[in-house]
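Participant: The structure follows.
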Amino acid sequence: MTEEIQNLRGQALTEILTCKDLSKLENLRIKFLGRKSKISFLLSQIGKLSKEERPVIGNLLNKTKKEIENQISSRKEALQILKRKKSKPQKAFDITLPGRPTEIGAKHPLFQTWEEIENIFISLGFEIVEGPEIETEYYNFDALNTPEWHPARNLSDTFYLKNGMLLRTETSPVQIHVMERYKPPIRIIAPGRCYRNDKPDASHSPIFHQFEALVVDVGITFADLKGTLDSFVKRLFGEKIHSRFRPHFFPFTEPSAEIDILCINCNGKGCKLCKNTGWLEMGGAGMVDPNVLKEVKYDSEKYTGFAFGLGIDRITMLRYRIPDIRILFKNDLRFLQQFV
Ligand code: PHE
């Protein structure tokens, strides 16, 4: 009987050790330790043995049973670890490696300027609005008192889409959207992207950025326009810088003017940046044309307003002395990293 038990032990331990899967291991447990197993049977027969044999065989059986149990539980552990390893990527993570440096991003200089402009106007009591970049001819031209024959409407100046819409050529159509939706008093700026069919060079880009300012209320005068512009320019470029107007024409303002600011490089003395004129061109302005007010069903006898539009690219180039507008749109990291 001792030999039988030894054989059983040998068979059980080998089968358990070579078992490769957890469910088969459970079958082995039932086979060698279960109620119908040989060991259970032999244990039940102990009473039939002689007094001398009983303790010897009993001991051996119990020892063997314990041994098989231990073997099964250690094999179970090993198979569980193996299973976990297989389901995970094999590569170990080396915590002694130096960390990868994180590159610090920064806002594009154009958007730094954009935000600063917004903040100045917010502090002056303006609201920020945005309008669509894809416009109808009505908003971009007709409602802005720009007749069919106006050169700005030419195919060679404006990007038309197949469906008859177009990429806005200025932020001025936002004036119409705002006045259609709200009653005076209006005090907004509308920054955004604009598009013109221009060949790119150092000072032209088919995509560029403007912001529109519009104020409409009872009793708004040209002095309000001048005062607002001057406070803005001083806040942005410093107390010494002021603006001047040159008579000009825009279809949607009357009277209209072009805006210059004192050259921020030479304070008006004359230098390369201002081509020795002492002044830098910044954009357009004027009193809202009564025809535009009528178009949006405002009472043009009661309300007056002013509007101006300035180039955000132009301001950015001046602030950072960027010589070529195309640099702003190239995403060259050597340029962008200077603004971190
Ligand atoms: N939209 C004009 C331009 O792009 C500028 C402008 C805005 C002029 C508002 C007058 C009033 O040239």
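The values are calculated or read from the model by the stated rules, or taken from the named source; none is laboratory data. Note that the coordinates shown come from a computational prediction; the quantities given were computed from them, not determined experimentally. All Cβ positions, even for glycine, are placed from backbone atoms using ideal geometry, and neighbour counts span all protein chains on display.
Participant: Only one of (1) among the charged types (D, E, K, R); (2) at pLDDT 95 or above; (3) farther than 23 Å from VAL174 by Cα; (4) more than 14 Å from the ligand (Cβ to nearest atom) fails for ASP217. Which number is that?
Facilitator: Status for ASP217: all satisfied but (3).
Participant: Would the range 7-21 turn up any residue that is assigned to a helix (DSSP H, G or I) and touching a Ser or Thr at 6+ places or on another chain (Cβ under 6 Å)?
Facilitator: The answer is yes; a qualifying residue exists.
Participant: Could you check how many residues of the range 280-297 are within 14 Å of the ligand (Cβ to nearest atom) and not acidic (Asp, Glu)?
Facilitator: Residues in the range 280-297 being within 14 Å of the ligand (Cβ to nearest atom) and not acidic (Asp, Glu): 10 in total.
Participant: Is it the case that PHE211 is crowded, with 21+ Cβ neighbours inside 10 Å and within 14 Å of the ligand (Cβ to nearest atom)?
Facilitator: Taking the combined requirement at face value, the residue satisfies it.
Participant: Scan VAL129, VAL174, VAL178 and give me the residue that is among the aliphatic types (A, V, I, L, M), touching an Asp or Glu at 6+ places or on another chain (Cβ under 7 Å) and closer than 18 Å to GLN210 by Cβ.
Facilitator: Result of the check over VAL129, VAL174, VAL178: VAL174.
Participant: Separate question: Out of (1) crowded, with 18+ Cβ neighbours inside 10 Å; (2) not assigned by TED's automatic domain parsing to the domain that holds VAL296, the odd one out for THR102 is which?
Facilitator: (1)
Participant: In the range 166-201, how many residues are away from the ligand (no atom under 15 Å from the Cβ) and either buried (at least 17 other Cβ atoms within 10 Å of the Cβ) or hydroxyl-bearing (Ser, Thr, Tyr) (or both)?
Facilitator: Total satisfying the criteria: 2.
Participant: Kindly provide the set of residues from the range 302-331 that are acidic (Asp, Glu) and either away from the ligand (no atom under 16 Å from the Cβ) or out of contact with any Phe, Trp or Tyr (no Cβ under 8 Å at 6 or more places or on another chain) (or both), ordered by number.
Facilitator: Answer for the range 302-331, where residues must be acidic (Asp, Glu) and either away from the ligand (no atom under 16 Å from the Cβ) or out of contact with any Phe, Trp or Tyr (no Cβ under 8 Å at 6 or more places or on another chain) (or both): just ASP324.
Participant: Further question on the same structure: Would you call THR316 among the polar types (S, T, N, Q), closer than 30 Å to HIS177 by Cβ and assigned by TED's automatic domain parsing to the domain that holds SER205?
Facilitator: In short, yes.
Participant: Ok, one more. Report, ordered by the first and then the second residue, all pairs with beta carbons closer than 9 Å, sequence separation of six or more or different chains, a first member in the range 34-46 that is under 12 Å from ILE5 (Cβ atoms), and a second member that is part of a loop (DSSP other than H, G, I, E, B).
Facilitator: From residues that are under 12 Å from ILE5 (Cβ atoms), the pairs are LEU42/MET1.
Participant: Does at least one position in the range 77-95 carry a residue that is under 30 Å from LEU8 (Cβ atoms), in a helix (DSSP H, G or I) and modelled with pLDDT of 90 or more?
Facilitator: yes
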